[in-house]
Amino acid sequence: MADQLSQVFAALADPTRRDMVARLAVGDSTVGELAEPYDVSLQAVSKHLKVLEQAGLVSRSREAQRRPVHLEAQVFDLMTRWIERYRREAEARYRRLDAVLAAMNDDDHESAREGHPS
């Protein structure tokens, strides 16, 4: 079985599932409500929801007959931590590159003042 982060990214690779997640961010919905904007069967929507559920992105409650689908927002914390780690590393690389380029620029200006070509 894949780790949860891999399951989450795999589940969100599909545009229909991403759209469902975006709609669930606004509020809980039933399967029927989620299916309304798509030209697919309820069974197809249920399959999408099963993938989201297995990834931990959504849950379905047993609230009466309605069985609303609920977005499990804490899973996004896992994704955010992973993304943030690599964002910080990339920013550090860009800061080092900026420092190297600034030093090269300073060297070019210094050479020009001394009358030496770069």
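Data for the structure
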read-out: Cut-off of 10 Å, at most 15 other beta carbons, DSSP loop: longest stretch of the chain lacking such GluC sites (Glu not before Pro); value: 1-62
read-out: Cα gyration tensor, region 4-72 - rounded (a/c under 1.5), prolate or oblate; value: oblate
read-out: Nearest-0.05 FRET efficiency for residue 74 and residue 47, computed from C-beta distance (R0 22 Å); value: 0.40
read-out: Cα extents of the chain along the three principal axes, largest first (Å); value: 84, 28, 26
read-out: Helix-only CD estimate at 222 nm, as mean residue ellipticity for the chain, using -39500 (n - 2.57) per DSSP H run (n ≥ 4); value: -22000 deg cm²/dmol
read-out: Given charges at beta-carbon only (K, R positive; D, E negative), |dipole| of the chain in Debye; value: 720 debye
read-out: Cα-centred dipole magnitude for region 74-118, charges only on beta-carbon of K, R (+1) and D, E (-1), debye, nearest 20; value: 400 debye
read-out: Interchain or long-range residues, amide H under 5 Å from residue 30's placed H; value: 69
read-out: Region 12-21 - phi-based ³J(HN,Hα) in whole Hz, Karplus 6.51/-1.76/1.60, Gly and Pro as x; value: 7, 5, 8, x, 5, 5, 4, 5, 4, 4
read-out: Region 74-118 shape via C-alpha gyration tensor axes, a/c threshold 1.5; value: prolate
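FYI, it's all coordinate maths here, none of it is from the lab. These numbers were taken from a predicted model, which means no experiment stands behind them. No Cβ is skipped: glycine too gets one built from the backbone with ideal geometry, and neighbour counts run over all protein chains shown.
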